[in-house]
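Here is the structure we will look at, set down as structure tokens.
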Amino acid sequence: MRLVDRISATSFCPVEELHDQVPIDTDHLNLVKFDGRHDLNYDTVCSKLKEVVERASETIMKRGDSTQSE
């Protein structure tokens, strides 16, 4: 059962790219509650957070390279 549609769930940041939207099978009350490390939703969120950290690290490194060449 879907509680909210995609527009409602993502309207806070309409410029967010689709690949950054991570649907998980839960309601808003349990959105950040997991049954443990083997919970499928935990795995989904953890994996996405690792990607975000990696991309942020790469972006920071690129910014450092461009400021040193000025």
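Taking K50, is it under 12 Å from the mean Cα position of the chain (by Cα) and surrounded by 10 or more Cβ atoms within 10 Å (Cβ to Cβ)?
yes
Of V15, V32, which residue is aliphatic (A, V, I, L, M) and modelled with pLDDT of 75 or more?
Details: V15 fails: modelled with pLDDT of 75 or more.
Going through V15, V32 in turn, just one is aliphatic (A, V, I, L, M) and modelled with pLDDT of 75 or more: V32.
The values are calculated or read from the model by the stated rules, or taken from the named source; none is laboratory data. The model shown is predicted, which means the values in this text are computed figures rather than measured ones. Counting neighbours? That spans all protein chains shown, and the Cβs are built from the backbone with ideal geometry, glycine included.
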